[in-house]
1. Among what's in the range 106-149 and is under 46 Å from the mean Cα position of the chain (by Cα) and without any contact (Cβ under 8 Å) to a residue 12 or more places away in the chain, pick the residue that is least open to solvent (accessible area, probe 1.4 Å).
2. Taking the criterion of being modelled with pLDDT under 85 and over 18 Å from PRO47 (Cβ atoms), would at least one residue in the range 80-98 satisfy it?
3. In this structure, does ASP38 turn out to be at pLDDT below 90, out of contact with any Gly (no Cβ under 7 Å at 6 or more places or on another chain) and open to solvent by less than 70 Å² (accessible area, probe 1.4 Å)?
4. So GLY149 clears everything in (1) modelled with pLDDT under 85; (2) touching a strand residue (DSSP E or B) at 6+ places or on another chain (Cβ under 9 Å) except one condition, right? Which one?
5. For the range 154-175, enumerate the residues that are in contact with a strand residue (DSSP E or B) (Cβ under 6 Å, 6 or more places away or on another chain) and within 17 Å of CYS88 (Cβ to Cβ).
6. Within the range 435-449, work out how many residues are under 12 Å from LYS421 (Cα atoms) and either among the basic types (Lys, Arg) or over 30 Å from the mean Cα position of the chain (by Cα) (or both).
7. Of everything in the range 364-421 that's at pLDDT 85 or above, in a helix (DSSP H, G or I) and closer than 23 Å to HIS281 by Cβ, which residue is nearest to the chain's Cα centre (by Cα)?
8. From the list VAL109, VAL66, which residue is touching a Leu at 6+ places or on another chain (Cβ under 6 Å) and not small (Gly, Ala, Ser)?
Amino acid sequence: MAEPRELKLEFTLKELTLSSPTENADVPGSSSTVEMKDIKLICVEYPAMVTSVERMLDTLGGEKTVSKTFKHPNRRLEMRYRPKDPFCHSLCGNRFPSSNLLLRVRRRVRKNDPKDAEIHMEVVGVIGTTYKFQGMADFQYLARHSEEGKDMSLYDKIILRKSENQEFFEKPMPYFLPPAAFSRLDSPVDYYYRPDVFQNTMPISRSNVIGLNRNRRPHNAIFLSFNDHTVPTESLEAARKNWARVCVKEHDKQVEQQIKQMFESRPIWSRNAIKANISIHPEKLKLLLPVCAYYMVTGPWRSLWVRLGYDPRKDKEAKKYQLLDFRIRCSTKHGYSSSDMPVKAKRSALYYSLPITFNKAGPHVASVTKLSAHEGPSSSRDQAPISYQLKESAYIFKEGMLPPHRQMFYQLCDLDVESIKQVIQKKGNEVCDERDGWCPVGTTDKLRDLISGMIKKFIKAQKPPMPELPKKRRLKGINRKPPNADSEEELQDDEKEDDEDDDDDEFQPSEGSENEMETEMLDYI
């Protein structure tokens, strides 16, 4: 049975005291039943005196900006005391869950008898989220210049408000350079110049210094470069101990046997391919992979996991396991622009936010408003199992499909297209090369062109055709030339335009990728 949306909360006010400048103003309250409305509100503890609601919203970026910030749970609410000043340092408010009530109290008093008062109470809604500005607000920097004891503003000289000529940029200007960052922290911390206890207990090794307070991650993976002469035949003892410590469930033992069978049938795997064939927690996978394989850092099998004891540089059959670094080409030269690409970039400079505007993940406070009546202690036992398995498109490419990300690391055996297989099966080098491996020179470029052509064909099929514009007619009697001359000139103009497009629309790599193989080494060092 569905629960009613309007919840009622009955409580009794023992005494409600209201202060007033007049004498005998203390009026005791009485018990009352207040209806609780199912209206969710957001509270902003504004760090200033509010005299105008419109100006207050302008400092927060407007209602639209506040709504966008509320959609992201880890986003901090920015406030600028001077909204029109681009050099104003923002003050960030932290987001906290809350279960408060907004109560509206009205008191009506008779003019003739001040003791005769009538009090009306109303619950406006439930405040489930509160933004608190706990940082220091004095991190500000003004665009000014002091000269002969007088301060002069530089805003009109350094901010472009209209298109200017060359003389504007050649005028002498005083030195002005605002700091890139005021501080790593925006809340006060009592440091007292105390020694770091973790720094003293850490063994110092000059050959393995990444940061002052950071140890090497104890995953014990074996890294191998292309120029190393021998390959490891067994894993490190510490790697086996780490995996035995976490391999306590029957499912973990089954996954261990499954991944060993995968490396027996196929000696080289990418991590995305492994995650698409088995379901295991990513943290446990970091401990399991060093037990079964070693990691290639450079060469045609870079960022791939190779079975222990197997050397792909000595086996020509390892050509099909080589890596292809493919990036989707986005330019008008290839028939579509970046806006037409259905696969969006992960990062963009147009939507850049300062690092201080994001909250680090932390424990969330339990809220009674999120609990439903049918939930009980036994509900946590019947939870559905979580699957960490990726889709097949995470490592396999087929004709008529789009890659999930703008940058993909494919193995040649995972390119399931007949024309691509014919290129891969051609006779290759007799000696394994660090750049091309067992493939002949130029194979990677041909494969990229084939995949790009398939993606271009797919996007054109999904995109509606553009209407053709009528050609401009030339006036008669002006610059008359033979018809063949006009056609030749038009061809020359088209060739020039194509050459210009080739120069301007040079292929640029994508701005970001969610492909985990690209930064996989960071998990082990």
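1. Start the filter on the range 106-149 by keeping residues that are under 46 Å from the mean Cα position of the chain (by Cα), which leaves 121-147.
With the extra rule that they be without any contact (Cβ under 8 Å) to a residue 12 or more places away in the chain, the set shrinks to 138, 144, 146.
Details: ASP138: 113, ARG144: 119, SER146: 66 Å².
Per the criteria, the residue is SER146.
2. Scanning the range 80-98, I find at least one residue that is modelled with pLDDT under 85 and over 18 Å from PRO47 (Cβ atoms), so the answer is yes.
3. Values: at pLDDT below 90: yes; out of contact with any Gly (no Cβ under 7 Å at 6 or more places or on another chain): yes; open to solvent by less than 70 Å² (accessible area, probe 1.4 Å): no.
Here the answer is no, as ASP38 does not meet what is asked.
4. Every condition holds for GLY149 apart from (2).
5. Initially, the range 154-175 is screened for residues in contact with a strand residue (DSSP E or B) (Cβ under 6 Å, 6 or more places away or on another chain), giving 154, 174.
If the condition is that a residue be in contact with a strand residue (DSSP E or B) (Cβ under 6 Å, 6 or more places away or on another chain) and within 17 Å of CYS88 (Cβ to Cβ), then LEU154 is the only one that fits.
6. Let us first name the residues in the range 435-449 that are under 12 Å from LYS421 (Cα atoms), namely 443, 446-447.
Filter once more, keeping what is either among the basic types (Lys, Arg) or over 30 Å from the mean Cα position of the chain (by Cα) (or both): 443, 446.
Residues flagged as under 12 Å from LYS421 (Cα atoms) and either among the basic types (Lys, Arg) or over 30 Å from the mean Cα position of the chain (by Cα) (or both) within the range 435-449 amount to 2.
7. Among residues in the range 364-421 that are at pLDDT 85 or above, in a helix (DSSP H, G or I) and closer than 23 Å to HIS281 by Cβ, the one nearest to the chain's Cα centre (by Cα) is ALA394.
8. Details: VAL109 fails: touching a Leu at 6+ places or on another chain (Cβ under 6 Å).
Being touching a Leu at 6+ places or on another chain (Cβ under 6 Å) and not small (Gly, Ala, Ser) holds for just one of VAL109, VAL66, which is VAL66.
The values are calculated or read from the model by the stated rules, or taken from the named source; none is laboratory data. Computed from a predicted structure; not experimentally measured. No Cβ is skipped: glycine too gets one built from the backbone with ideal geometry, and neighbour counts run over all protein chains shown. We work out accessible area using only protein heavy atoms, side chains counted, and drop any ligands, DNA or RNA first. Shrake-Rupley method; radii C 1.70, N 1.55, O 1.52, S 1.80 Å.
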